[in-house]
Amino acid sequence: MEKSFMEQRGRILKRSIIVPIFISLLFFFIMGIWAITTIQNFYYEERLEEAQVLASGYAETLSIAMDAQRLLEQYLENTLNAAGLAVSNYPGSFNTDSLSEIARELNVDRIFIYDEALVLSYASDGLHIGWVPEEGHPVRQFFESSKTQYIEDIRKETGSGIPYKFGYYRDDHNGIIQVAVEAEKIYELNARFDSQHLLDQLSQLDNKIAIAYLDEQHTIITSTIQDVLGTYLDFETYHIPSQAGSFRRITTEDGNYMALNVPMMQNDNSQGTLLLFYELDETEELISIVSLVIISTILLVFLLEIWVLWGTYKKNQNIQFIAYHDELTGLPNHRYFNEFISESHSAPLTCLMLNPRNFKAINILYGYTYGNEVLIHIADVLSALQLRQASLQAFRISDDRFIILMHSQSSEKQIDTLIGSLRLLATQYQDVSSLEFSIGIATTDTAGHDPSLLIKQASIALHATTDEIFIKQYNNSMEESLLRKDTIEQELKRAIRGEEGILSLAFQPIVEARDSSIHGFEALARMKSQKLGMISPMEFITLAEQRGLMVPLGDKIIDLATDFLQTIQERFDGNVNVAINVSALQMIGENFTSKLQELAGKKQINLYQVELELTESIFSQDLNLIAKRLKELRQLGIRISIDDFGTGFSSLSRLGSLEIDILKLDRLFVIALSEESERDLVSDIISMAHHLGKKVVAEGVETTGQKRWLENAQCDLLQGYLFNKPLAPSDAILHIEQEKTHHA
Ligand code: C2E
Ligand code: CA
Ligand code: CA
């Protein structure tokens, strides 16, 4: 039962750390990823910038190279043109020697002259004379065109296959002059300005870099990788970033590369694309190291947080346990009980409130340390009980109050069995002299799942236990009776404080048996509650005794009774007595005698007319003190009568030694006079009392038959409804007046 309750609270507590752990895990995870990508981007971005600088430098160099190449080509054209012009204006006649001479002088490699029918007439090398260019041949194309001169791009010569740059010029005879310069020479001249050459130089700066220069159609124009020159590069296939100014990481078997696409710009005109390939191994190693440092830091911070949270969690767990358990015994406490009851919504529960009966005495006699040991023993007993029956739950809800909660609608038999095992277990703890419990029982049937109501009802039931009956089950009348007692107590206190109209006295005449003349009155307390109406003295006197109010209440009664005595002493001759009922608690009070004496002085009354009625319960008090007190009282002239004689444990022989004047035979003896055996007993009591010099009063005389028998038995005084009911003071006075005139 207990486990699930604390587990549930543990779960709530756990949630309180798991949620922040989860959130921070997420936070650190995101932060880690962010940091790593930032670092990665930082390095890649740096590469990109570097590449862009490289590319713009390269573009510049390339444009210079192109300018140079243009100049070179211009120079070549000029050379070809000069040669063409020189040949067409040549004054002499041509032959192989003269043409080769001119070629050497003009720094060209070949000169050919075709006649008006396009037949090769002269050649500086003297070869192929008589050859006629076929249809579509560049020579024929020029011949058939309207151009007067033309410089052709480099091409391989028909036949020899050697690359040449050719220039064509018309002469005055409708023939053609063809001048050629070998391209190998141009390449050599260009070599210094060649883009390929530049690339090779660039790549030597950092041999980890592969570079390719592509035209708009992605054809590789130059590259550090020679065998791909002139081929088309499919970006898609090779995962090359297609966007200008972007980069991409490429994984290959040899390692990881970063491919950068950098646009080549020349005066805002695109000049193609420069692709750069960096080997990433070193960079990535660096990134890994930095990332590792960051991740380790983050992990460290995270672990630190978990460590702190865990510490707090453990501490809170401890606090939680303390909050729900009693420090001394370790049993679940009042708070636990409250929450447990509220949460066990519908399950029927029986609540046994246990109170060790002699605990206060143990504390006083053996001290608090021992008292605590006893409480721990009780907790042990309850825990042992709980171990036997899993459906039980024990609590300690205050100093000396324990609760056993029984699950299910517990039958009387089950409760009896439980209490039986409790007793058995309690006796096994030898250390504690005798562990006995008063037990108040309440159930959720009457209290519902309201913990405070359940405790209240169990407490009421506990309160209702007595020395004889120490197990009580709560019922509604218990609460009513408690409330009633409480109301009566409040009103008693008010009466004691002097409030009028609550407490009064009624006076019942006591008559002489021989002539029915008046002997005196018994003062009987009356209480009228505004809320509850008339309350029997049996009830409020008992309550006053229980609540420690008997002494002040008794003083009040004595005050009222002596007021009455004062009146009759003032108005009549001094032979009417007033009998006042006095409780044992009053009698043993410190200054009982002196208070009476003081009162008599103040009111100017004669105490010879006072009788005090004591019950046999005074014999359970200190007998020496009683004897002393009775002596004092008798010295004041007061007479003592023993009330309800025969119901208690006092014997006539014992009474003989005490200063007692009158025996009041209990009403039960008068009722029992109808039985022969009882009649003998009563007459024996009367004669014995007379023998000891005491008078006898018979109480509760209701019939003339009882009166007659008692007269015959020599009973001295009679009291009962047959003569009078208790009278209000004014009626009692009136009664005396009537008596006096009647007897006069
Ligand atoms: P008790 O002292 O034995 O008082 C006699 C009771 O018997 C009175 O009841 C009285 O009204 C009643 N009684 C008198 N004659 C008859 C009769 O013929 N038949 C019947 N059936 N009853 C009769 P009450 O006044 O209700 O008092 C009850 C008890 O309350 C008293 O018993 C006494 O023990 C206690 N008590 C009353 N007043 C005081 C008081 O001022 N001080 C103390 N300490 N106790 C008082
Ligand atoms: Ca009495
Ligand atoms: Ca009596």
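Place a +1 charge on the Cβ of each Lys and Arg in the chain and a -1 charge on the Cβ of each Asp and Glu, then give the dipole magnitude about the Cα centre in debye, rounded to the nearest 20. Please report the intermediate quantities before stating the final value.
Numbers: 62 positive and 102 negative charges, 1215 e Å.
So the dipole magnitude of the chain works out to roughly 5840 debye.
Could you check what % of the DSSP bridge pairs in the chain are antiparallel, to the nearest 5?
Looking only at bridges with both residues in the chain, the antiparallel portion is about 75 percent.
In square nanometres, what is the average projected area of the Cα convex hull of the range 544-682?
9.7 nm²
Where in the range 332-356 does the label zone of residue 323 land, with the point 7 angstrom along Cα→C-beta and an amide N cut-off under 20 Å?
The answer is 332-344, whose backbone nitrogens lie closer than 20 Å to the label point.
For the chain, count the residues as N, evaluate 2.2 N^0.38 Å, and divide the Cα radius of gyration by that value, please.
Ratio of Cα Rg to 2.2 N^0.38 Å: 2.45.
Count neighbours as other Cβ atoms within 10 Å of each site's Cβ, and list the trypsin sites (Lys or Arg not before Pro) in the range 460-503 that are DSSP loop with at most 14 such neighbours.
Passing both the DSSP loop test and the Cβ count: 497.
Give, in nm to one decimal, the length gained when the segment between residue 155 and residue 477 is fully stretched (0.36 nm per residue of separation minus the Cα-Cα distance).
Here the answer is 103.0 nm.
How big is the range 334-474 by the Kirkwood estimate over distinct Cα pairs, in Å?
15.2 Å is the Kirkwood radius here.
Working out 0.36 nm times the residue gap between residue 281 and residue 37, then minus their Cα-Cα distance, what length gain in nm do you get to one decimal?
Length difference between fully extended and current span is 86.2 nm.
Contour minus end-to-end for residue 487 and residue 251, with contour as 0.36 nm per residue of separation and end-to-end as the Cα-Cα distance?
Taking 0.36 nm per residue and subtracting the Cα distance, the gain is 75.4 nm.
Which value results for Rg/Rh of the range 486-743 when Rg is the Cα radius of gyration and Rh the Kirkwood radius based on the inverse mean 1/r? Write out the running numbers ahead of the final one.
Numbers: Rg = 18.0 Å, Rh = 19.0 Å.
Across the range 486-743, the Cα-based Rg/Rh ratio is 0.95.
May I ask for the net charge around residue 711, where only other residues with Cβ less than 12 Å from the Cβ of residue 711 are counted and Lys, Arg are +1 while Asp, Glu are -1?
0
For the chain, what is the mean residue ellipticity at 222 nm derived from helices alone (per DSSP H run of n ≥ 4: -39500 (n - 2.57); sum divided by total residues; nearest 500 deg cm²/dmol)?
Using -39500 (n - 2.57) per qualifying helix, the result is -16500 deg cm²/dmol.
List residues of the range 289-322, by number, whose backbone nitrogen lies under 13 Å from a label position 7 Å along Cα→C-beta of residue 383.
none
About the Cα centre of the range 334-474, how large is the charge dipole given +1 on each Lys and Arg Cβ and -1 on each Asp and Glu Cβ? Please answer in debye to the nearest 20.
Here the size comes out at about 20 debye.
When the C-alpha atoms of the range 46-121 are aligned to their principal axes, what extent does each axis show, in angstrom, from largest down?
Extents along the principal axes: 70, 25, 17 Å.
Take the cross-link list 14/315; 493/556; 664/695; 603/740; 360/413; 664/694 and give me the ones stretching past 19 Å between alpha-carbons.
603/740; 360/413
Once the Cβ-Cβ distance between residue 723 and residue 572 is put in as r, and R0 is 25 Å, what FRET efficiency do you end up with, to the nearest 0.05? Don't skip to the end; give the middle numbers.
Values: r = 19 Å, r/R0 = 0.74.
The computed FRET efficiency comes out at 0.85.
Based on the Cβ-Cβ distance from residue 678 to residue 631, what FRET efficiency comes out when R0 is 41 Å, to the nearest 0.05?
The calculated FRET efficiency here is 0.75.
Taking amide H positions as placed 1.01 Å from N in the peptide plane, with prolines and chain starts having none, which residues 5 or more places from residue 443, or on another chain, fall under 5 Å of its amide H?
For residue 443, the qualifying residues are 351.
Taking the simple approach of a point 7 Å from Cα along Cα-to-Cβ for both residue 119 and residue 559, what is their distance in nm?
Each label point is offset 7 Å from its Cα along the Cβ direction, giving 17.5 nm.
Name the residue farthest towards the positive end of the dipole of the chain from the options 403, 496, 367, assuming +1 on Cβ of Lys and Arg, -1 on Cβ of Asp and Glu, about the Cα centre.
496
Hey, if you put +1 on the Cβ of every Lys and Arg and -1 on every Asp and Glu Cβ in the range 607-678, which of 621, 672, 645 ends up farthest toward the positive end of that dipole?
Projecting each Cα onto the dipole axis, the largest value belongs to 621.
Using the Cα centre as the reference, give the magnitude of the dipole from point charges on the C-beta atoms of the range 11-51 (Lys, Arg: +1; Asp, Glu: -1; all else neutral), rounded to the nearest 20 debye.
Here the range 11-51 has a charge dipole of around 720 debye.
Compute for the range 647-722: radius of gyration divided by Kirkwood radius, i.e. Rg/Rh, restricted to C-alpha atoms, rounded to two decimals.
Numbers: Rg = 11.9 Å, Rh = 12.5 Å.
Value, to two decimals: 0.95.
Just so you know, all these numbers are worked out from the coordinates, no wet-lab data involved. As the structure is a computational prediction, the values presented were derived from the model and not from experiment. Methodologically, a virtual Cβ is constructed for each residue, glycine included, from the backbone with ideal geometry; neighbour enumeration extends over all protein chains shown.
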